[in-house]
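Below you'll find the structure, written out as C-alpha coordinates, and then a few comments.
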Amino acid sequence: MTMNRTMQISLLKILGYYLGGIWTAWGGRKRIEKKQLKNLRKLVAKARQDSPYFRRLYGSLPDTDEITLKDLPVTCKPQLMSEFDNWVTDRTLKLADLRKFMGDLSNIGSPFGHVAAYRTSGTSGEPAVIILTAADIEYIFGITLSRLNRAQLRLMPELNKFGANVTKRGRASKSRR
(Lines give C-alpha, C1' and ligand atoms only; values in the text may rest on other atoms or scores of the structure.)
Protein backbone atom coordinates (compact mmCIF):
# COMPACT_ATOMS: atom_id res chain seq x y z
CA MET A 1 0.00 0.00 0.00
CA THR A 2 1.57 3.29 -1.10
CA MET A 3 0.75 6.20 1.16
CA ASN A 4 0.92 9.91 0.63
CA ARG A 5 3.26 10.88 3.46
CA THR A 6 2.18 14.49 3.93
CA MET A 7 -0.22 16.11 6.33
CA GLN A 8 -1.21 19.73 6.11
CA ILE A 9 -1.06 21.43 9.52
CA SER A 10 -2.43 24.96 9.71
CA LEU A 11 -0.70 27.44 12.00
CA LEU A 12 -3.78 29.65 11.70
CA LYS A 13 -5.98 26.87 13.10
CA ILE A 14 -3.47 26.24 15.90
CA LEU A 15 -3.67 29.95 16.73
CA GLY A 16 -7.47 29.74 16.73
CA TYR A 17 -7.42 26.83 19.21
CA TYR A 18 -4.84 28.69 21.29
CA LEU A 19 -7.08 31.76 21.52
CA GLY A 20 -10.13 29.58 22.15
CA GLY A 21 -8.31 27.85 24.98
CA ILE A 22 -7.37 31.17 26.57
CA TRP A 23 -10.95 32.49 26.14
CA THR A 24 -12.40 29.34 27.73
CA ALA A 25 -9.96 29.48 30.66
CA TRP A 26 -10.73 33.17 31.27
CA GLY A 27 -14.37 32.24 31.68
CA GLY A 28 -13.56 30.17 34.74
CA ARG A 29 -14.81 26.77 35.81
CA LYS A 30 -18.33 27.30 34.44
CA ARG A 31 -17.13 28.14 30.91
CA ILE A 32 -14.62 25.27 30.98
CA GLU A 33 -17.29 22.75 32.00
CA LYS A 34 -19.67 24.07 29.32
CA LYS A 35 -16.95 23.66 26.66
CA GLN A 36 -16.09 20.17 27.93
CA LEU A 37 -19.73 19.09 27.69
CA LYS A 38 -20.05 20.57 24.19
CA ASN A 39 -16.91 18.68 23.08
CA LEU A 40 -18.13 15.44 24.68
CA ARG A 41 -21.46 15.64 22.89
CA LYS A 42 -19.74 16.39 19.60
CA LEU A 43 -17.55 13.27 20.04
CA VAL A 44 -20.55 11.10 20.95
CA ALA A 45 -22.47 12.34 17.90
CA LYS A 46 -19.48 11.53 15.65
CA ALA A 47 -19.07 8.08 17.21
CA ARG A 48 -22.78 7.30 16.86
CA GLN A 49 -22.77 8.41 13.25
CA ASP A 50 -19.55 6.82 11.97
CA SER A 51 -18.71 3.87 14.24
CA PRO A 52 -20.77 0.66 14.13
CA TYR A 53 -19.28 -0.39 17.49
CA PHE A 54 -20.20 2.83 19.31
CA ARG A 55 -23.56 3.05 17.54
CA ARG A 56 -24.42 -0.29 19.19
CA LEU A 57 -22.74 0.54 22.53
CA TYR A 58 -24.49 3.92 22.80
CA GLY A 59 -27.81 2.70 21.40
CA SER A 60 -29.69 2.75 24.71
CA LEU A 61 -28.19 6.01 25.97
CA PRO A 62 -30.06 9.33 26.10
CA ASP A 63 -30.15 11.63 23.07
CA THR A 64 -26.74 13.08 22.27
CA ASP A 65 -27.78 16.58 23.38
CA GLU A 66 -28.60 15.16 26.83
CA ILE A 67 -25.50 12.96 27.31
CA THR A 68 -23.14 13.54 30.23
CA LEU A 69 -19.84 11.77 30.85
CA LYS A 70 -21.31 9.52 33.54
CA ASP A 71 -23.85 8.18 31.00
CA LEU A 72 -21.12 6.58 28.91
CA PRO A 73 -20.22 2.94 29.48
CA VAL A 74 -16.64 2.11 30.40
CA THR A 75 -14.47 0.64 27.65
CA CYS A 76 -10.99 -0.83 27.95
CA LYS A 77 -8.01 -0.99 25.64
CA PRO A 78 -8.07 -4.77 24.90
CA GLN A 79 -11.78 -4.57 24.07
CA LEU A 80 -11.27 -1.56 21.80
CA MET A 81 -8.23 -3.01 20.05
CA SER A 82 -10.09 -6.28 19.34
CA GLU A 83 -12.89 -4.20 17.79
CA PHE A 84 -10.66 -1.56 16.14
CA ASP A 85 -12.00 -1.96 12.61
CA ASN A 86 -15.56 -1.62 13.93
CA TRP A 87 -15.08 1.37 16.24
CA VAL A 88 -12.68 3.58 14.30
CA THR A 89 -14.77 6.35 12.74
CA ASP A 90 -12.62 6.53 9.60
CA ARG A 91 -13.89 3.42 7.84
CA THR A 92 -10.88 3.39 5.44
CA LEU A 93 -8.43 2.61 8.27
CA LYS A 94 -7.72 -1.01 9.13
CA LEU A 95 -5.76 -2.20 12.16
CA ALA A 96 -3.72 -4.74 10.17
CA ASP A 97 -2.56 -2.01 7.76
CA LEU A 98 -1.63 0.35 10.61
CA ARG A 99 0.29 -2.36 12.49
CA LYS A 100 2.16 -3.33 9.32
CA PHE A 101 3.05 0.34 8.71
CA MET A 102 4.30 0.77 12.29
CA GLY A 103 6.23 -2.50 12.13
CA ASP A 104 9.01 -0.21 10.96
CA LEU A 105 9.48 1.82 14.16
CA SER A 106 10.66 4.85 12.19
CA ASN A 107 7.11 5.17 10.80
CA ILE A 108 5.57 5.78 14.22
CA GLY A 109 4.21 9.32 14.27
CA SER A 110 4.61 9.60 10.52
CA PRO A 111 1.74 10.27 8.16
CA PHE A 112 -0.22 7.21 7.09
CA GLY A 113 -2.32 8.73 4.37
CA HIS A 114 -4.31 11.54 5.98
CA VAL A 115 -3.58 10.55 9.61
CA ALA A 116 -0.50 10.19 11.80
CA ALA A 117 -0.13 6.75 13.34
CA TYR A 118 1.15 6.14 16.87
CA ARG A 119 1.14 3.27 19.32
CA THR A 120 1.62 2.82 23.02
CA SER A 121 4.36 0.64 24.46
CA GLY A 122 1.91 -2.11 25.34
CA THR A 123 2.95 -2.48 28.98
CA SER A 124 -0.43 -4.05 29.71
CA GLY A 125 0.19 -6.65 27.01
CA GLU A 126 -1.76 -4.87 24.29
CA PRO A 127 -0.23 -1.89 22.46
CA ALA A 128 -2.90 0.63 21.54
CA VAL A 129 -2.88 2.06 18.04
CA ILE A 130 -3.63 5.77 18.06
CA ILE A 131 -4.45 7.81 14.99
CA LEU A 132 -4.54 11.58 14.80
CA THR A 133 -5.79 13.75 11.97
CA ALA A 134 -4.30 17.13 11.14
CA ALA A 135 -7.27 18.71 12.98
CA ASP A 136 -6.47 16.65 16.10
CA ILE A 137 -2.83 17.76 16.02
CA GLU A 138 -3.82 21.40 15.51
CA TYR A 139 -6.20 21.18 18.49
CA ILE A 140 -3.61 19.50 20.73
CA PHE A 141 -0.93 22.08 19.91
CA GLY A 142 -3.27 25.05 20.29
CA ILE A 143 -4.78 23.94 23.59
CA THR A 144 -1.39 22.91 24.99
CA LEU A 145 0.08 26.32 24.15
CA SER A 146 -2.88 28.06 25.77
CA ARG A 147 -2.19 26.20 29.02
CA LEU A 148 1.45 27.24 29.32
CA ASN A 149 2.18 30.06 31.72
CA ARG A 150 5.03 32.59 31.56
CA ALA A 151 7.26 30.66 33.95
CA GLN A 152 6.96 27.52 31.81
CA LEU A 153 7.68 29.47 28.63
CA ARG A 154 10.79 31.02 30.23
CA LEU A 155 12.08 27.52 30.97
CA MET A 156 11.94 26.40 27.34
CA PRO A 157 15.36 27.79 26.28
CA GLU A 158 16.97 26.22 29.38
CA LEU A 159 15.33 22.85 28.72
CA ASN A 160 16.46 22.97 25.12
CA LYS A 161 20.10 23.49 26.23
CA PHE A 162 20.09 20.31 28.28
CA GLY A 163 17.48 18.25 26.44
CA ALA A 164 17.59 16.14 23.35
CA ASN A 165 16.65 17.12 19.83
CA VAL A 166 14.65 14.59 17.87
CA THR A 167 15.98 13.90 14.41
CA LYS A 168 13.90 12.96 11.37
CA ARG A 169 14.77 9.30 11.90
CA GLY A 170 13.13 9.32 15.30
CA ARG A 171 16.35 8.90 17.26
CA ALA A 172 17.34 11.37 19.96
CA SER A 173 20.64 13.17 19.65
CA LYS A 174 22.42 15.37 22.17
CA SER A 175 21.83 19.07 21.87
CA ARG A 176 24.70 20.84 20.07
CA ARG A 177 24.68 23.90 22.32
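The values are calculated or read from the model by the stated rules, or taken from the named source; none is laboratory data. Worth saying up front: this structure is predicted, and the values here are computed from it rather than measured. In this analysis, Cβ positions are derived from the backbone assuming ideal geometry, glycine residues included, and neighbour counts consider all displayed protein chains.
Can you run down the residue pairs with Cβ atoms below 6 Å, 6 or more apart or on separate chains, where the first is in the stretch 6-26 and over 30 Å from Asn107 (Cα atoms) and the partner is among the charged types (D, E, K, R) and in a helix (DSSP H, G or I)?
Here the result reads Thr24/Arg31; Thr24/Lys35, each pair linking the stretch 6-26 to a residue that is among the charged types (D, E, K, R) and in a helix (DSSP H, G or I).
Could you check Lys35 against (1) in contact (Cβ under 8 Å) with a residue 12 or more places away in the chain; (2) farther than 19 Å from Thr89 by Cα; (3) basic (Lys, Arg) and say which number it fails?
Result: Lys35 passes all but (1).
So for the stretch 111-125 (the condition being over 17 Å from the mean Cα position of the chain (by Cα) and on the phi < 0 side of the Ramachandran plot), does at least one residue qualify?
There is at least one residue in the stretch 111-125 that is over 17 Å from the mean Cα position of the chain (by Cα) and on the phi < 0 side of the Ramachandran plot.
Would you tally the residues in the stretch 5-45 being in a helix (DSSP H, G or I) and over 26 Å from Leu57 (Cβ atoms)? Before the answer, list the steps.
We begin by selecting, within the stretch 5-45, every residue in a helix (DSSP H, G or I); these are 11-26, 28-45.
After this cut, where a residue has to be over 26 Å from Leu57 (Cβ atoms) as well, the list is 11-26, 28-32.
Qualifying residue count for the region: 21.
Given the conditions (1) aliphatic (A, V, I, L, M); (2) over 29 Å from Pro127 (Cα atoms); (3) surrounded by 15 or more Cβ atoms within 10 Å (Cβ to Cβ), report the number of the one that Leu19 does not fulfil.
(3)
Applying the selection to the stretch 50-77, what residues are part of a helix (DSSP H, G or I) and free of Cβ contacts under 8 Å to residues at least 12 places away in the same chain? Even if it seems obvious, please write down each step before you answer.
First, pick out the residues of the stretch 50-77 that are part of a helix (DSSP H, G or I): 50, 52-57, 64-66, 69-71, 77.
Across the stretch 50-77, the qualifying residues are Arg55, Arg56, Glu66, Lys70, Asp71.
In the set Arg29, Arg41, Arg55, Arg48, which member is at negative phi and at pLDDT below 95? So that I can check it myself, show each step before the final result.
Numbers: Arg41 fails: at pLDDT below 95; Arg55 fails: at pLDDT below 95; Arg48 fails: at pLDDT below 95.
Within the list Arg29, Arg41, Arg55, Arg48, the selection yields Arg29.
State yes or no: is Leu93 touching a helix residue (DSSP H, G or I) at 6+ places or on another chain (Cβ under 9 Å), free of Cβ contacts under 8 Å to residues at least 40 places away in the same chain and closer than 26 Å to Glu33 by Cα? Lay out the reasoning, then the answer.
Numbers: touching a helix residue (DSSP H, G or I) at 6+ places or on another chain (Cβ under 9 Å): yes; free of Cβ contacts under 8 Å to residues at least 40 places away in the same chain: yes; closer than 26 Å to Glu33 by Cα: no.
When the stated conditions are applied, Leu93 does not pass them.
Regarding the stretch 124-142, can at least one residue be identified that is under 26 Å from Arg55 (Cβ atoms), of a type in the set (Phe, Trp, Tyr) and either out of contact with any helix residue (DSSP H, G or I) (no Cβ under 9 Å at 6 or more places or on another chain) or assigned to a strand (DSSP E or B) (or both)?
Scanning the stretch 124-142 turns up no residue that is under 26 Å from Arg55 (Cβ atoms), of a type in the set (Phe, Trp, Tyr) and either out of contact with any helix residue (DSSP H, G or I) (no Cβ under 9 Å at 6 or more places or on another chain) or assigned to a strand (DSSP E or B) (or both).
State which residue pairs qualify: first residue surrounded by 11 or more Cβ atoms within 10 Å (Cβ to Cβ) and inside the stretch 144-168, second residue at pLDDT 65 or above and of a type in the set (S, T, N, Q) in any location, beta carbons under 9 Å apart, and separation of 6 or more residues or different chains.
Listed pairs, sorted by first residue: Ser146/Thr24.
Residue by residue through the stretch 78-96, note down the ones that are of a type in the set (A, V, I, L, M, F, W, C), surrounded by 12 or more Cβ atoms within 10 Å (Cβ to Cβ) and assigned to a helix (DSSP H, G or I).
In the first step, residues of the stretch 78-96 are kept if they are of a type in the set (A, V, I, L, M, F, W, C); the result is 80-81, 84, 87-88, 93, 95-96.
Applying the additional criterion that residues be surrounded by 12 or more Cβ atoms within 10 Å (Cβ to Cβ) yields 80-81, 84, 87-88, 93, 95.
Matches in the stretch 78-96: Leu80, Met81, Phe84, Trp87, Leu95.
Return yes when Ser106 is in a helix (DSSP H, G or I), surrounded by fewer than 16 Cβ atoms within 10 Å (Cβ to Cβ) and either of a type in the set (D, E, K, R) or touching a residue at least 60 places away in the same chain (Cβ under 8 Å) (or both) and no when it is not. Before the answer, list the steps.
Working: in a helix (DSSP H, G or I): yes; surrounded by fewer than 16 Cβ atoms within 10 Å (Cβ to Cβ): yes; either of a type in the set (D, E, K, R) or touching a residue at least 60 places away in the same chain (Cβ under 8 Å) (or both): yes.
Yes.
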